[in-house]
1. Out of all the residues in segment B:127-168, which are within 17 Å of B:R218 (Cα to Cα) and not basic (K, R)?
2. List the residue pairs whose Cβ atoms are under 7 Å apart, where the first residue sits in segment B:211-224 and is under 16 Å from B:L179 (Cβ atoms), the second is of a type in the set (D, E) and part of a strand (DSSP E or B), and the two are 6 or more positions apart or on different chains.
3. Given the residues A:N38, A:N63, which is the only one that is loosely packed, with under 15 Cβ neighbours inside 10 Å, out of contact with any His (no Cβ under 6 Å at 6 or more places or on another chain) and either within 16 Å of B:F21 (Cβ to Cβ) or hydroxyl-bearing (S, T, Y) (or both)?
4. On the basis of being within 12 Å of chain A (Cβ to nearest Cβ), closer than 26 Å to B:G145 by Cβ and assigned to a helix (DSSP H, G or I), does B:R19 make the cut?
5. Can you give me the number of residues within segment B:46-83 that are touching a residue at least 12 places away in the same chain (Cβ under 8 Å) and more than 8 Å from chain A (Cβ to nearest Cβ)?
6. Could you please let me know if B:V53 is β-branched (V, I, T) and modelled with pLDDT under 90?
7. Suppose we keep only residues that are among the polar types (S, T, N, Q) and out of contact with any Phe, Trp or Tyr (no Cβ under 8 Å at 6 or more places or on another chain) within segment A:188-219. Which one would you say is surrounded by the most Cβ atoms within 10 Å (Cβ to Cβ)?
8. Among the residues in segment B:128-143, are any among the β-branched types (V, I, T), in contact with a strand residue (DSSP E or B) (Cβ under 8 Å, 6 or more places away or on another chain), more than 10 Å from chain A (Cβ to nearest Cβ) and in contact (Cβ under 8 Å) with a residue 24 or more places away in the chain?
There are 2 protein chains.
Amino acid sequence: MPMYRESSIRSVLKTVSWRLFATLTTVAIVYAFTAKLNIALAIGGIEMVLKLVLYYLHERGWNYIHLGRKEIEPKVLWLTGLSGSGKSTIGEKLYNDLKGKGFKVEYLDGDRVRDIFPNTGFSKEERDRHVKRIGFLASMLEKNGVIVVASFISPYEESRQFVRSLCNNFVEIHLSTPLEECIKRDVKGLYARAIKGELRNFTGINDPYEEPLNPEIRIDTTNISVSEAVRKISKFV
Amino acid sequence: MPMYRESSIRSVLKTVSWRLFATLTTVAIVYAFTAKLNIALAIGGIEMVLKLVLYYLHERGWNYIHLGRKEIEPKVLWLTGLSGSGKSTIGEKLYNDLKGKGFKVEYLDGDRVRDIFPNTGFSKEERDRHVKRIGFLASMLEKNGVIVVASFISPYEESRQFVRSLCNNFVEIHLSTPLEECIKRDVKGLYARAIKGELRNFTGINDPYEEPLNPEIRIDTTNISVSEAVRKISKFV
């Protein structure tokens with residue numbers, strides 16, 4: 001995504017060239033109608049000065065009209081919840097919707113980040129550091145004007161609080177889908193393996209999930225469509 | 001840094017309001033000079049249509065004039081070198097210069113990031129993972145239009161290559177200040193401690209520094225001012 005910069009010289013030259021061009025047109029039209037060059041030039045001269053002032057006033061005036069202007073603060077939309085609670089599905093749709101609306105937005109997903117860093121473990125310490133690092137990344141993006149959608153189990157309250165402290169606008173979205181429902185879904189077959197004892201440190205089975213105390217949003221996805229969930233979250237953007 | 005969005009309705013309304021305003025001015029001026037309302041209105045009507053077309057052509061024309069227009073691709077300016085080689089000093093000045101020029105730029109510094117994540121170790125494995133994670137962060141910022149200045153010893157070729165592979169425009173800047181000079185400077189007193197054996201895994205003393213094979217820039221800061229070094233790097237932005 002390249003940055004374009006117009007030097008102020010370019011802006012001044014464009015303004016001058018347009019004013020000359022526009023005023024010459026006025027002079028030509030008036031001359032065509034009146035056949036009097038002195039009147040045409042006088043009108044052109046007045047127009048040139050007057051319109052520079054009027055254009056400025058017009059711009060300032062619109063400044064007070066809020067119709068069609070929206071201010072959006074970048075935010076970190078942090079989806080936390082058990083495996084299978086709907087984080088990635090909702091996160092992806094949320095990301096695509098925001099992108100479709102022309103926002104600068106980045107999507108960070110637990111599984112994808114772990115693909116890039118395959119040695120990240122699942123012990124409490126490693127999870128904490130992982131979540132904190134991702135939080136740091138999210139806060140840097142936010143600081144630079146990017147909305148961040150992050151989908152991470154992030155089971156520990158302390159590391160979520162740490163991420164909150166790094167960000168300016170941290171929106172904690174707790175997908176509170178009950179464990180039974182997540183086990184029923186078991187999209188990746190991981191719960192079955194964890195219950196058999198094949199996976200250690202599996203959140204909800206043999207590792208705790210600390211429920212967020214005061215999340216900005218709480219959604220149980222048991223009886224709600226993806227679109228509905230995304231709509232609820234979009235209200236916060 | 002808030003994002004502003006103007007809806008297209010707002011732009012259309014502004015265009016229409018300006019054209020009406022501007023043309024009414026022309027009508028008023030012409031009427032003041034000629035005292036003939038029919039001529040004033042006819043000129044206004046022609047002007048309104050003609051200027052909409054001319055403004056468009058004027059904009060398109062400027063599209064082909066490159067004067068005062070610069071395109072800047074975001075980049076990752078990666079400073080690598082021994083402790084004391086000048087990374088942080090040059091990195092900070094580079095960052096401040098770029099920020100002063102109005103660029104979107106972020107500064108990542110080894111020491112500062114380690115302050116936020118105090119448990120990051122200095123073993124080969126931990127260093128590799130640390131550098132790779134920072135590289136991922138840098139590439140995300142770059143992807144979102146931010147120039148990144150990064151100061152990290154980053155002693156291993158493989159992890160630097162990994163970071164290069166994540167970024168679009170990776171500029172590897174090797175501060176090749178010789179070890180003897182760095183030991184002489186010893187700003188933080190770390191070389192003295194490492195030589196006494198008080199520090200393990202200290203790059204240059206009891207841990208290797210793999211010299212970059214094909215860095216974009218190589219600067220020995222022994223006999224060069226900070227400003228000179230920054231100027232050399234700025235040419236790549």
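The values are calculated or read from the model by the stated rules, or taken from the named source; none is laboratory data. Remember, it's a predicted structure, so these values are computed and weren't measured experimentally. All Cβ positions, glycine included, derive from the backbone under ideal geometry; neighbour counts span all protein chains shown.
1. B:V149, B:A150, B:S151, B:F152, B:I153, B:S154, B:P155, B:Y156, B:E157, B:Q161
2. B:P212/B:E172
3. A:N63
4. no
5. 11
6. So B:V53 passes the test.
7. By that ranking, first place goes to A:N206.
8. Scanning segment B:128-143, I find no residue that is among the β-branched types (V, I, T), in contact with a strand residue (DSSP E or B) (Cβ under 8 Å, 6 or more places away or on another chain), more than 10 Å from chain A (Cβ to nearest Cβ) and in contact (Cβ under 8 Å) with a residue 24 or more places away in the chain, so the answer is no.
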